[in-house]
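J.: The structure follows.
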Amino acid sequence: MVFLLGDGVQMSLRFTAKRPGAPDRTGRALRDIVESMPGLAWAAGADGRLTAMNADLLEYLGIAGVGDFHGRQAVHAEDWERTDGLWSRSLETGQAFDSTHRIRGAGGGYRWFRAVARAQRDRTGKITGWYGTLVDVDDQKLSEESLRSILDNIPGMIATADVDGNYTYGNNRNREFVGKDLRELSGRGWLDIIHPEDRDGVAAAWQRSVQTREPMDVTHRLRRFDGEYRWFQARVEPFLDENGKVLRWHGLITDIDDRKRAEESLRARERELQLLVDTMPSLVWCVTPEGDPAYINKRLETYYGRKMSRNRSAEGSSLSASLRALMHPDDVAAVEANMQHALRTGESFAMRYRNRRADGVYRWVDARAEPLRGDDGRIVRWYGVSVDIDDHKKAEEALRARERQLQLLIDTIPALVWCATPEGVPSYANKRLMDYAGLSFGPPEGPDRTELGEAVRNTVHPDEVAAVMGHLTHSLQTGESLATKYRHRRADGVYRWVEARVEPLRGDDGRIVQWFCVLVDIDDETRAQDALRAAQEKLSRASQLANLAELSASIAHEVNQPLAAIVANSHACQRWLLADPPNMQRALITSERIVRDAMAASEVVSRIRALFTRTDSTRAAIDLNEVIGEVGQLMTDEIASEGIVVETDLDAALPPALADRVQVQQVLVNLIRNGIEAMKANAGVPKSLAIGSRRDGGNMVVVEVRDNGGGIAEPARIFEPFFTTKDGSMGMGLAICRSIMEAHDGRLWAESLQPRGTAFAFTLPIQLRDVA
Amino acid sequence: MTRKDSIVFIVDDDRRICEALSELLATWDMDSVAFNSIAEYVAFSRPDLPGCLVLDVELPDINGLEFQTQSEHGRHPPIVFITGHGDIPSSVRAIKHGAVDFLTKPFSGSDLMRSIHIAIDRDRDSRLERAERVTLQQRLASLTTREREVLPLVVGGLLNKQAAAELGISEVTLQIHRSKIMRKLEAASLADLVRIAEKLQIPITHSRRTGTPSK
């Protein structure tokens with residue numbers, strides 16, 4: 001709408017219609033122009049009073065002429081004051097009028113218009129009138145309003161800055177978020193609310209952008225009204241005119257805090273995963289669906305001893321080639337084939353092959369890979385893990401070798417071996433046993449059948465089945481080991497004696513893990529032993545006879561000795577009596593000797609008789625210490641005359657022995673005399689005889705006589721018959737001494753002593769209380 | 001009859017036996033010495049008289065039979081063994097080695113005495129023979145070298161002429177040698193000389209029949 005203002009007309013500030021019909025030629029001409037103009041046009045006088053309106057305007061306003069126009073009624077009440085003020089100022093200053101306000105139409109509704117007017121001046125520059133137009137901007141205004149509302153409500157912050165980079169505008173969200181008004185933010189005030197750590201960076205970036213007119217894109221933290229910082233992304237771009245000159249800067253500031261945090265946690269997780277993958281004690285790798293290596297973890301790099309490029313671009317194939325080069329040449333083909341198969345079919349890859357380690361040693365690895373499929377089911381990646389199993393494999397091989405060796409050992413050792421579960425079910429038999437028994441061990445055929453019983457019935461001699469089963473059952477119940485002998489059936493049906501030993505193998509917790517049994521064929525030995533036993537029995541009988549012969553020879557000797565003396569003395573006696581004159585004195589002496597020797601012979605005979613009658617009646621509980629004392633007393637003279645020192649070591653607590661006192665005395669006398677004889681030749685060595693008594697084991701007592709004489713070369717031989725001492729009336733062979741001791745259920749033996757001397761010792765049974 | 005010119009050694013470890021045998025020998029007026037072991041007997045310095053050793057087989061230090069085999073022949077008087085336990089092999093062995101007898105206890109006194117007398121006689125004979133041989137040896141030693149060359153030729157029965165030719169000397173010289181030999185060896189006749197040469201075991205190198213050295 002254009003207000004055409006007449007020359008020199010004082011226009012009031014109010015749009016009041018000028019009275020029509022004023023005679024002004026120029027004014028009329030102009031009025032005609034206004035009224036004929038398209039659009040809405042108007043004119044006013046210099047005083048501001050409206051002088052003309054064109055038909056379109058009149059029509060809009062719904063009035064007949066300019067005189068019906070009343071500004072205060074036409075302009076919206078909210079806009080009146082502002083519009084009137086602008087008009088007044090234009091009138092005063094002569095500057096162009098430009099106002100946007102609402103004007104009520106003919107129907108009573110308001111529409112937005114932009115009113116622009118310029119002053120008409122004469123030659124002197126004096127304002128003669130105003131001409132203006134009204135442009136309907138209602139639609140524009142509405143879109144502007146909605147735009148502003150959009151700007152204020154979009155979930156982001158928008159700000160603008162002038163060409164120099166000074167903050168000029170921020171939408172509601174912007175202001176509300178920071179809790180500051182435009183004034184506080186204007187200029188570079190906005191920098192205050194940026195996180196101190198980010199501030200300098202942002203300021204510098206902004207300065208650079210302003211200078212270079214390049215867009216800025218930064219992320220930084222912004223302080224919220226409550227003092228909390230959040231992450232934002234600020235993207236600022238210059239708004240240029242057609243000449244490329246910067247008009248303004250438009251900025252969009254987006255809250256990326258959540259995303260940022262998510263990103264950070266993601267990155268942390270990724271780092272963690274990376275760390276995990278790199279520190280995992282296995283070799284991790286990843287290949288593309290085509291089979292090109294895409295990734296290997298640090299450990300694998302270290303393992304190979306070379307840095308692999310993780311870049312999976314064109315050199316993928318060369319990487320796979322180099323990986324192939326690390327495989328054992330013998331394994332390459334198989335690995336390739338398996339890998340290709342997996343890639344083609346999508347089946348899991350699993351294989352063991354040899355890889356060359358950094359030190360050049362080929363080591364066994366167990367490699368496994370699984371495909372990762374995308375949402376569409378297509379394979380995106382293959383992920384693989386290789387585990388170095390070389391030590392394991394070697395150990396396994398060694399174990400297997402040892403097992404083979406053991407198996408061989410068990411099968412070849414000359415013994416029959418079988419094993420059973422803790423419950424006694426046979427679980428293993430070595431080859432030798434199976435061959436021996438002609439059996440084949442299999443798993444139990446029925447749940448309620450104990451194979452042990454079956455095996456025993458099948459292989460053990462019927463006479464011994466019950467006993468063997470009893471032993472085995474006992475061992476199974478108690479866990480005790482077992483050693484027994486029985487007859488085992490061989491494949492040919494012959495029963496042979498075996499010795500069986502059963503031992504449990506216990507675990508760390510002491511529970512029985514397995515039973516082991518070893519059978520040794522002792523049939524030949526057993527038969528040999530039987531034969532030996534028979535031979536021994538025969539020998540024993542023979543030896544008894546031999547003993548008898550020896551004994552009789554000994555007896556004959558003992559008796560013949562005094563008899564020889566008697567005969568010789570008798571002849572002497574006869575001759576003394578027959579002499580002329582008869583030598584009565586000598587005859588008497590010889591006859592006395594005859595009597596003496598005859599008595600000695602008779603004594604020997606009666607002693608021997610006593611020995612062989614074995615009458616227990618003469619046996620009684622005797623104190624051996626007492627007997628030793630008596631004999632010592634008896635032989636005092638003999639001992640003293642030889643200058644012998646006797647030491648006794650008698651057990652005071654010696655239990656009484658069951659024996660014939662006289663016979664024991666005789667044996668003791670014999671032993672002591674032996675000792676005396678043995679020391680006769682001692683030159684420079686003091687003669688010493690030691691007599692001791694002590695308890696021997698449970699039911700025996702020992703008496704020992706030790707001399708330090710020259711000793712005997714063969715202690716065992718002195719018990720042969722002709723080693724008797726034939727000196728003195730009590731003389732009796734050691735053979736008889738031994739016979740006496742054996743008749744008492746005792747023993748008599750001799751030992752050489754070091755450095756010199758001989759010990760004679762005999763044992764006698766202890767007198768048990770209940771016998772007394 | 002007196003036998004004091006002889007001695008009997010008794011070795012038996014049974015003193016009763018020693019006693020009885022000594023007594024028995026005393027009734028025959030014979031000297032005897034008794035020992036209880038071989039060692040004692042060996043240690044004893046025996047008188048130089050014909051004797052007899054009555055030896056028990058079973059002795060404490062050495063078996064009597066062992067002693068017999070070990071001891072040098074002729075150094076001990078003939079042995080009469082006595083034993084309490086006689087057996088045939090032992091007795092055969094003892095006799096083979098020169099024992100006079102092997103008596104089993106108890107033995108009769110007369111058996112023992114007979115054996116002892118045999119033993120002593122044997123010892124006396126061998127002693128005489130030994131003494132004569134010693135005398136002859138001494139006489140032989142007094143011959144000169146030439147006389148020792150002549151002696152085998154003369155006892156070999158060569159004629160004087162032959163013997164002289166053999167030695168390359170005159171018959172007269174030979175006769176002188178011959179008479180000297182006869183005198184030195186105290187031979188009464190040629191026959192006596194031959195007997196002496198035999199005892200001295202002079203080898204006969206020539207015989208009259210051939211006149212040549214015998215091969």
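The values are calculated or read from the model by the stated rules, or taken from the named source; none is laboratory data. All values derive from a computational prediction rather than experimental measurement. Methodologically, a virtual Cβ is constructed for each residue, glycine included, from the backbone with ideal geometry; neighbour enumeration extends over all protein chains shown. These area figures cover heavy atoms from the full protein model, side chains too; ligands, DNA and RNA do not enter into them. Shrake-Rupley method; radii C 1.70, N 1.55, O 1.52, S 1.80 Å.
J.: Simple spin-label model, 7 Å along Cα-to-Cβ: B:ALA39 to A:GLN407 in nm?
T.: About 7.7 nm separates the two model spin labels.
J.: Relative to the isolated chain, which residues of region B:49-78 have their accessible area cut by 20 Å² or more in the presence of all protein chains (1.4 Å probe, heavy atoms, no ligands or nucleic acids)?
T.: For region B:49-78, once contacts with the other chains are taken into account, B:GLU58 lose 20 Å² or more.
J.: Continuing with this model, one more query. Take the alpha carbon atoms of region A:30-68, find their center, do the same for region A:190-262, and report the distance between the two centers in whole angstrom.
T.: Going from one Cα centre to the other spans 51 Å.
J.: Full extension from A:GLU742 to A:ARG188: what is 0.36 nm times the residue separation minus their Cα-Cα distance, to one decimal in nm?
T.: Extending this stretch completely gives an extra 186.1 nm.
J.: Compute the accessible area of each residue in region A:561-597 twice, once for its chain alone and once with every protein chain present, using a 1.4 Å probe on heavy atoms, and list those whose area falls by at least 30 Å².
T.: Residues of region A:561-597 that lose at least 30 Å² of accessible area once the other chains are added: A:GLN561, A:ALA564, A:ALA565, A:VAL567, A:ALA568, A:HIS571, A:ALA572, A:ARG575, A:TRP576, A:ARG586, A:ARG593, A:ARG596.
J.: Ok, one more. Taking only Cα atoms, what is the 0 to 90° angle, nearest 10, from helix A:465-478's long axis to the longest principal axis of chain A?
T.: Long axis of A:465-478 versus the principal axis of chain A: about 50 degrees.
J.: Using 18 Å as the cut-off for backbone N distance, which residues of region A:220-247 belong to the label zone defined by a point 7 Å from the Cα of A:VAL163 along Cα→Cβ?
T.: Label zone hits: A:237-247.
J.: How fast does chain B diffuse by Stokes-Einstein, in µm²/s, taking the Kirkwood radius from C-alpha pairs at 10 °C and 1.306 mPa s?
T.: It comes out at roughly 77 µm²/s.
J.: Let me ask something else about it. How many nm is it between the label spots at A:ILE154 and A:ARG378, if each spot is 7 Å from the Cα in line with the beta carbon?
T.: If labels sit at A:ILE154 and A:ARG378, their model points lie 3.6 nm apart.
J.: How many nm separate the modelled label positions at A:GLU214 and A:GLU630, each set 7 Å beyond the Cα in the direction of the Cβ?
T.: Computed distance between label sites A:GLU214 and A:GLU630 equals 13.8 nm.
J.: I'd like the FRET efficiency for A:VAL520 and A:SER427, computed as 1/(1 + (r/R0)^6) with the beta carbon distance as r and R0 of 22 Å, rounded to 0.05.
T.: 0.60
J.: Take the alpha carbon atoms of region B:69-116, find their radius of gyration, then divide it by 2.2 N^0.38 Å using N residues; give the quotient.
T.: In units of the 2.2 N^0.38 Å rule of thumb, it is 1.15.
J.: On C-alpha positions alone, give me the angle between the axis of helix B:109-141 and the longest principal axis of chain B, in degrees, nearest 10.
T.: 30 degrees
J.: Run the helix sum for chain B: -39,500 (n - 2.57) per DSSP H stretch of 4+ residues, divided by residue count, reported at 222 nm to the nearest 500 deg cm²/dmol.
T.: Rounded to the nearest 500, it is -16000 deg cm²/dmol.
J.: With a 1.4 Å probe and every protein chain left in place, work out the accessible area per residue of region A:77-217 in Å², rounded to a whole number.
T.: 57 Å²
J.: Search the structure for amide H atoms under 5 Å from the amide H of A:ALA579, placed 1.01 Å from N in the peptide plane, and list their residues when 5 or more places away or on another chain.
T.: none
J.: Given a Förster distance of 51 Å, report the FRET efficiency between A:HIS328 and A:ASP492 from their Cβ-Cβ distance, rounded to the nearest 0.05. It would help to have the intermediate numbers written out before the result.
T.: Details: r = 54 Å, r/R0 = 1.06.
Computed FRET efficiency for A:HIS328 and A:ASP492: 0.40.
J.: In whole percent, and with a 1.4 Å probe on the protein chains, what portion of the accessible area of chain A is carbon and sulfur?
T.: 52 percent
J.: Take the solvent-accessible surface of the protein heavy atoms, probe 1.4 Å, and return the percent of it on region B:1-151 that carbon and sulfur atoms account for. Walk me through the intermediate numbers first.
T.: Values: 3720 of 7120 Å².
Carbon-and-sulfur percentage of accessible area, whole number: 52.
J.: A further question follows. Tell me, in nm to one decimal, what length is gained between B:ARG127 and B:ILE88 on full extension, where the rule is 0.36 nm per residue of separation less the Cα-Cα distance? Can you show the working numbers first?
T.: Details: separation 39, 0.36 × 39 = 14.04 nm, distance 3.07 nm.
Fully extending the segment from B:ARG127 to B:ILE88 adds 11.0 nm.
J.: Now for a different question. Report, for region A:498-538, the % of DSSP beta bridges that are antiparallel, rounded to 5.
T.: 100 percent
J.: May I ask for the net charge around A:GLY709, where only other residues with Cβ less than 9 Å from the Cβ of A:GLY709 are counted and Lys, Arg are +1 while Asp, Glu are -1?
T.: +1
J.: With a 1.4 Å probe, what is the total accessible area buried between chains B and A, in Å² rounded to the nearest 100? Working shown, then result.
T.: Numbers: alone 12230 and 44080 Å², together 54050 Å².
Interface between B and A: roughly 2300 Å².
J.: Test of understanding: what is the full-extension gain from A:THR124 to A:GLU592, defined as 0.36 nm times their sequence separation minus their Cα-Cα distance?
T.: Difference between extended and current length: 147.2 nm.
J.: Right, next: Net charge within 14 Å of A:LYS141 by Cβ-Cβ distance, Lys/Arg positive one each and Asp/Glu negative one each, not counting A:LYS141 itself?
T.: Numbers: positive: A:ARG102, A:ARG111, A:ARG114, A:ARG148; negative: A:GLU78, A:ASP79, A:ASP136, A:ASP138, A:ASP139, A:GLU144, A:GLU145.
For residues surrounding A:LYS141, the net value is -3.
J.: For region A:173-284, go through all pairs of different Cα atoms, get the mean of 1/r, take its inverse, and jot down that Kirkwood value in Å.
T.: Averaging 1/r across every pair of different Cα atoms and inverting gives 16.4 Å.
J.: Between helix A:257-279 and chain A, what is the angle of the helix's C-alpha long axis to the longest principal axis, kept within 0 to 90° and rounded to the nearest 10?
T.: Computed tilt is about 30 degrees.
J.: Which whole-number percent of Cα pairs in the protein assembly as shown have a distance greater than 50 Å?
T.: Numbers: 344568 of 486591 pairs.
Tail of the P(r) past 50 Å holds 71 percent of the pairs.
J.: Could you do me a favour and compute the accessible area per residue for region B:118-164, 1.4 Å probe, result in Å²?
T.: Value for region B:118-164: 55 Å² per residue.
J.: Residues with amide H under 5 Å of B:PHE35's amide H, sequence separation 5 or more or different chain, H placed in the peptide plane at 1.01 Å from N; which?
T.: Those lying under 5 Å, H to H, from B:PHE35 are B:ILE10, B:VAL11, B:ASP12.
J.: A drop of at least 30 square angstrom in accessible area, chain alone versus all protein chains together, probe 1.4 Å. Which residues of region B:101-121 meet that?
T.: Going by heavy-atom accessible area, the residues of region B:101-121 that drop by at least 30 Å² are B:LYS105, B:PRO106, B:PHE107.
J.: Considering only B:ILE79, B:LEU153, B:THR27, whose Cα is most displaced toward the positive end of the charge dipole of chain B, charges sitting on Cβ of Lys, Arg (+1) and Asp, Glu (-1)?
T.: Result: B:LEU153, furthest along the dipole toward the positive end.
J.: Ratio of alpha-carbon Rg to the 2.2 N^0.38 Å globular estimate for region A:553-659, to two decimals, please.
T.: 1.59
J.: Residues of region A:324-343 with amide nitrogen under 17 Å from the 7 Å Cα-to-Cβ point of A:ILE389?
T.: A:328, A:331-332, A:334-336, A:338-339
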